[in-house]
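The values are calculated or read from the model by the stated rules, or taken from the named source; none is laboratory data. Note that this is a predicted model, so its numbers are computed, not measured. Here the Cβ positions follow ideal geometry from the backbone for every residue, glycine too, while neighbour counts run over all protein chains shown.
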Amino acid sequence: MSKPTFRWGILSTAQIARKNWQGIRLAGGGVVTAVASRDLKRCQKFIAECQKEAPFAKVPVAYGSYEELLADKNIDAVYIPLPTGLRKAWVLRAAAAGKHVLCEKPCAINTTDLKEMIAACRKNKVQFMDGVMFMHSGRLKKMRAVLDDDKTVGPVKRITTAFHFNSNQDFYQNNIRTHHQLEPMGTLGDQGWYCIRLALWAMKWQLPERVTGRMLASTIRPKGTPPVPTEFSGELFFRGGVTCAFYCSFVTELGQWARISGSVGQLSFNDYVLPLRGKQTSFTTGSQDYRFIGCDASMVPSEKRWTVREHSHSARDSQETNMIRNFTKQAQSGQLNPEWPEIALKTQQVMDACWKSAKADGRMTRVKA
Ligand SMILES: NC(=O)c1ccc[n+]([C@@H]2O[C@H](COP(=O)([O-])OP(=O)(O)OC[C@H]3O[C@@H](n4cnc5c(N)ncnc54)[C@H](OP(=O)(O)O)[C@@H]3O)[C@@H](O)[C@H]2O)c1
């Protein structure tokens with residue numbers, strides 16, 4: 001028997017919700033049933049614009065408040081891309097209303113809040129997952145196989161990663177990411193979350209024992225509130241001597257790269273959050289040999305490009321569509337996947353420790369499990 005249509009509600013008219021609207025349409029088996037906004041007109045406009053590009057047979061209902069959407073019995077799951085500072089209350093309410101929760105990242109303003117959010121989902125038997133799309137790419141699966149083959153990269157020793165983009169005055173004045181009450185961890189929450197997630201993935205979810213964090217630049221909005229980081233660097237120290245350095249910022253031109261170095265070789269990619277446009281994704285592995293031929297010393301590169309047949313975005317097999325499909329399948333299975341909340345929590349725990357360190361001027365800080 002075929003599964004019933006999975007019915008999504010979207011809380012807010014966030015920019016990123018447009019991409020996931022399309023993901024829901026492309027994933028198959030699901031529909032956007034309703035969208036809610038603080039402003040009914042904005043909601044209607046958002047729905048009309050999304051319908052134009054990626055139409056559902058039945059036009060989703062527009063609600064002028066988030067409460068109304070949560071009271072709608074025809075909704076199985078909610079996607080919550082509200083600002084982080086406001087998200088917890090709505091996750092708790094969504095869970096209490098029996099809706100599965102796809103929660104944007106960073107999930108919460110601290111670990112204590114995230115634990116409460118996850119516990120509420122567990123108690124109400126609804127799935128919790130964060131919205132990190134790259135976790136659902138075919139490329140990551142292939143990278144795992146290569147890292148595990150023991151001969152291409154060898155045991156992982158060092159991870160370096162960065163995610164940053166440059167922003168303008170309008171961003172500083174109006175974007176949620178520079179507002180203390182909306183996104184208190186600024187670039188650390190928005191971009192550092194991905195860097196930390198990638199490092200944890202590479203380390204097979206082992207938590208670092210200690211971390212350091214440094215706020216390299218910050219902004220204050222509204223006046224009189226604590227600084228929001230706009231440029232941040234962190235270092236993670238794992239058991240066994242493996243380390244990771246990450247950098248995130250709103251002040252340097254777009255970059256989203258990672259390099260995983262082992263005792264045998266390196267694995268790198270330069271588009272890990274938003275894959276470069278195309279019909280395939282890729283990463284490279286390789287090493288450089290230093291050779292003497294007589295008195296002539298030279299470097300001999302050996303690089304291999306690995307490709308994965310999947311579209312970068314907006315396709316049935318792209319990462320955001322896979323994310324929606326995986327979430328739907330899990331929610332419809334009637335079983336809760338405990339790993340998804342667990343990896344969100346670990347990411348939050350590491351982020352919290354980096355943030356705590358930065359507030360103590362870069363002091364070495366233990367990660368609390
Ligand atoms: N996973 C990913 O790939 C990804 C990508 C981008 C962003 N994100 C995350 O998703 C979240 C949203 O990012 P975004 O760029 O899409 O944000 P955005 O366009 O600014 O949307 C945020 C939405 O929150 C609602 N909202 C409720 N109270 C608000 C308030 N006091 N001030 C401002 N907005 C308020 C607004 O919707 P209504 O007015 O309609 O209620 C607004 O449209 C962020 O936490 C970000 O880190 C994730």
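Would you please name the residue that is nearest to the ligand (Cβ to nearest atom), looking only at residues in region 69-79 that are part of a helix (DSSP H, G or I) and surrounded by 15 or more Cβ atoms within 10 Å (Cβ to Cβ)?
To start, the set of residues in region 69-79 that are part of a helix (DSSP H, G or I) comprises 69-71.
Within this subset, residues satisfying the condition of being surrounded by 15 or more Cβ atoms within 10 Å (Cβ to Cβ) are 69-70.
On the way: L69: 11, L70: 13 Å.
Going through the qualifying residues, I end up with L69.
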* Scan of region 80-95 for residues that are near the ligand (Cβ under 10 Å from one of its atoms) and either more than 27 Å from T5 (Cβ to Cβ) or part of a strand (DSSP E or B) (or both), ordered by number -> I80, P83, T84, G85, L86
* Looking at this structure, is L188 modelled with pLDDT of 95 or more, within 16 Å of the ligand (Cβ to nearest atom), assigned by TED's automatic domain parsing to the domain that holds R305 and not acidic (D, E)? -> yes
* Checking E303 against (1) modelled with pLDDT under 95; (2) in a loop (DSSP other than H, G, I, E, B); (3) more than 30 Å from R210 (Cα to Cα), which single condition isn't satisfied? -> (2)
* **Test: K142 is free of Cβ contacts under 8 Å to residues at least 24 places away in the same chain, in the same structural domain as A358 (by TED's automatic domain parsing) and not in a strand (DSSP E or B)** => no
* Asked: Can you spot a residue in region 185-203 that is in a loop (DSSP other than H, G, I, E, B) and either loosely packed, with under 15 Cβ neighbours inside 10 Å or acidic (D, E) (or both)?
  -> no
* So which residues in region 20-57 are within 13 Å of the ligand (Cβ to nearest atom), out of contact with any strand residue (DSSP E or B) (no Cβ under 7 Å at 6 or more places or on another chain) and within 18 Å of T321 (Cα to Cα)? -> Q22, G23, C50
* Asked: Looking at (1) assigned by TED's automatic domain parsing to the domain that holds S233; (2) buried (at least 20 other Cβ atoms within 10 Å of the Cβ); (3) under 28 Å from A17 (Cα atoms), can you tell me which one A331 breaks?
  -> (1)
* Go through region 101-140 residue by residue and tally those that are among the acidic types (D, E) and within 15 Å of the chain's Cα centre (by Cα). => 2
* Here are some residues: Q22, Q44. Which one is farther than 19 Å from E104 by Cβ and assigned to a helix (DSSP H, G or I)? -> Q44
* Asked: Which of the residues spanning region 1-19 are part of a loop (DSSP other than H, G, I, E, B), of a type in the set (V, I, T) and more than 7 Å from the ligand (Cβ to nearest atom)?
  -> T5
* Say we look at region 80-103 and pick out the residues that are farther than 20 Å from M185 by Cβ and basic (K, R); which of these is surrounded by the most Cβ atoms within 10 Å (Cβ to Cβ)? -> K99
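Quick one: which residue in A71, A94 is more than 24 Å from E183 (Cβ to Cβ) and either of a type in the set (F, W, Y) or touching a residue at least 12 places away in the same chain (Cβ under 8 Å) (or both)? I'd like the intermediate steps shown before the answer.
On the way: A94 fails: more than 24 Å from E183 (Cβ to Cβ).
Step by step, each of A71, A94 is checked, and only A71 is more than 24 Å from E183 (Cβ to Cβ) and either of a type in the set (F, W, Y) or touching a residue at least 12 places away in the same chain (Cβ under 8 Å) (or both).
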* Asked: Is it the case that region 156-163 has a residue that's within 16 Å of the ligand (Cβ to nearest atom) and in a helix (DSSP H, G or I)?
  -> no
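What number of residues in region 49-61 are of a type in the set (A, V, I, L, M) and under 27 Å from the mean Cα position of the chain (by Cα)?
Of region 49-61, the ones of a type in the set (A, V, I, L, M) are 54, 57, 59, 61.
Imposing the further condition that a residue be under 27 Å from the mean Cα position of the chain (by Cα) reduces the set to 54.
Final tally of qualifying residues: 1.
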